[in-house]
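The values are calculated or read from the model by the stated rules, or taken from the named source; none is laboratory data. Small disclaimer: the values here were computed from a predicted structure and weren't measured. All Cβ positions, even for glycine, are placed from backbone atoms using ideal geometry, and neighbour counts span all protein chains on display.
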Amino acid sequence: MAPAFERVAVIGVGLIGASIALAARHDANASVALYDADPRVRERARALKLGDAVFDDPQAAVAGADLVVLAVPVGAMAEALEAAAPALKPGVVITDVGSVKGAVVEALSPLAPPHAFLIPGHPIAGTEHSGPDAGFATLFKGRWHILTPLADARPEYAQAVDRLEAFWRALGANVERMDAQRHDVVLAVTSHLPHLIAFNIVAMAEDLESVTESEVVKYSASGFRDFTRIAASDPTMWRDVFIANKDAVLEVLGRFSEDLAVLQRAIRWGDGKTLYELFDRARRMRREVIEAGQDTPAPNWGREN
Ligand code: NAP
């Protein structure tokens with residue numbers, strides 16, 4: 001089958017950019033040009049042979065590309081597109097992988113040339129690792145990819161969205177289209193708040209003077225270590241996510257704090273019924289995640305200890 005895009009340029013070669021480069025070459029039959037602002041990352045990308053070419057200049061990387069993927073932190077999206085824009089060819093599709101969509105749409109819309117098609121997106125796939133060495137070609141397989149197309153009435157725009165969807169499907173993803181605002185609320189619940197809780201609980205444990213750090217680490221298998229995995233994610237990326245998705249995060253955080261106060265009261269008054277009912281409801285959610293194929297049913301994620 002003809003590739004959805006023959007020439008793909010990826011700007012930002014971290015976990016996500018490197019994974020897209022590997023998967024696009026392997027599964028989407030595309031030739032891939034890479035650029036990263038960090039010279040050490042470019043060196044690593046060459047050594048790892050992540051793309052067909054690695055450029056020292058963003059405009060050289062995007063020249064001739066049919067698809068440009070911005071895979072930089074949310075706060076760097078505008079700068080990345082601005083630096084590449086003069087070399088974009090007519091008809092190019094520009095997408096991104098940022099974890100927040102409303103702020104990215106706002107930042108990129110004024111910068112995309114009129115002859116380009118801007119289609120923001122977000123792969124619901126990742127790990128706690130970052131950098132070019134963390135990338136792997138199968139990252140997107142069986143995961144969701146959310147596209148948040150703009151209200152662009154050009155008939156060619158709809159065709160460009162179909163092509164981008166075909167590209168992500170070739171990488172193994174399931175694709176869904178969604179409004180950017182809705183995306184930001186859903187992700188505030190499923191991703192941003194859980195990360196905030198993990199960052200907070202891990203930092204709090206470090207601060208607690210009554211428990212020594214070595215005891216926290218020693219007994220971490222009782223639950224704490226699962227938070228440390230989430231809290232190991234890249235601080236720059238997450239700083240940008242919370243600043244960019246402020247409204248939705250504050251909204252769900254308010255709701256979370258209210259519900260936490262209910263739990264606090266139930267514990268204080270020995271209200272076992274309230275505690276049991278909530279824990280039981282939460283446990284059912286785990287089953288739904290497994291049934292939806294979004295995690296393994298193996299006990300303890302299949303870990304041996
Ligand atoms: P990463 O591993 O930290 O890689 C980002 C790379 O972009 C870094 O090498 C960075 O260089 C480079 N960069 C920063 N500004 C740039 C610019 N203006 N031009 C070119 N390169 C630039 O990050 P990641 O985890 O791949 O995340 C990338 C994007 O994917 C983020 O928007 C994030 O929200 C989104 N995302 C991440 C995950 C995840 O699990 N990690 C999942 C879904 C979506 P420096 O290090 O020198 O800044």
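Worth pointing out:
- Near pairs, Cβ below 6 angstrom, 6+ apart or cross-chain, from the range 14-33 (on the phi > 0 side of the Ramachandran plot and not assigned by TED's automatic domain parsing to the domain that holds residue 141) to any residue that is part of a strand (DSSP E or B) and modelled with pLDDT under 95: none
- Criterion violated by residue 128 - all others in (1) more than 7 Å from the ligand (Cβ to nearest atom); (2) at pLDDT 95 or above satisfied: (2)
- Those residues of the range 173-227 which are among the small types (Gly, Ala, Ser) and within 22 Å of the chain's Cα centre (by Cα), in sequence order: 173, 180, 188, 191, 198
- Residue check, residue 205 of a type in the set (Gly, Ala, Ser), at pLDDT 95 or above, surrounded by 12 or more Cβ atoms within 10 Å (Cβ to Cβ) and out of contact with any His (no Cβ under 6 Å at 6 or more places or on another chain): no
- When residue 201 is tested against the conditions (1) touching a Phe, Trp or Tyr at 6+ places or on another chain (Cβ under 6 Å); (2) of a type outside the set (Ser, Thr, Tyr); (3) not in a helix (DSSP H, G or I), the lone failure is (3).
- Residue selected from the range 252-286 under the condition assigned to a helix (DSSP H, G or I) and among the small types (Gly, Ala, Ser), by the criterion modelled with the lowest pLDDT: 282
- Residue pairs whose Cβ atoms lie under 7 Å apart, separated by 6 or more positions or on different chains, with the first residue in the range 51-65 and closer than 17 Å to residue 25 by Cα and free of Cβ contacts under 8 Å to residues at least 24 places away in the same chain and the second in a loop (DSSP other than H, G, I, E, B) and of a type in the set (Lys, Arg), do not occur.
- Looking across the range 215-248, the residues that are modelled with pLDDT of 90 or more and among the charged types (D, E, K, R) come down to 225, 226, 229, 234, 239, 240, 246, 247.
- Some residue of the range 165-175 being buried (at least 18 other Cβ atoms within 10 Å of the Cβ), charged (D, E, K, R) and over 25 Å from residue 285 (Cβ atoms): yes
- Within the range 1-27, the set of residues being over 15 Å from residue 80 (Cβ atoms), at pLDDT 95 or above and part of a loop (DSSP other than H, G, I, E, B) comprises 5, 6.
- Residue count for the range 227-251, restricted to those that are assigned to a helix (DSSP H, G or I), within 16 Å of the ligand (Cβ to nearest atom) and of a type outside the set (A, V, I, L, M, F, W, C): 7
- Conditions (1) without any contact (Cβ under 8 Å) to a residue 24 or more places away in the chain; (2) over 17 Å from residue 126 (Cα atoms); number of the one not met by residue 252: (1)
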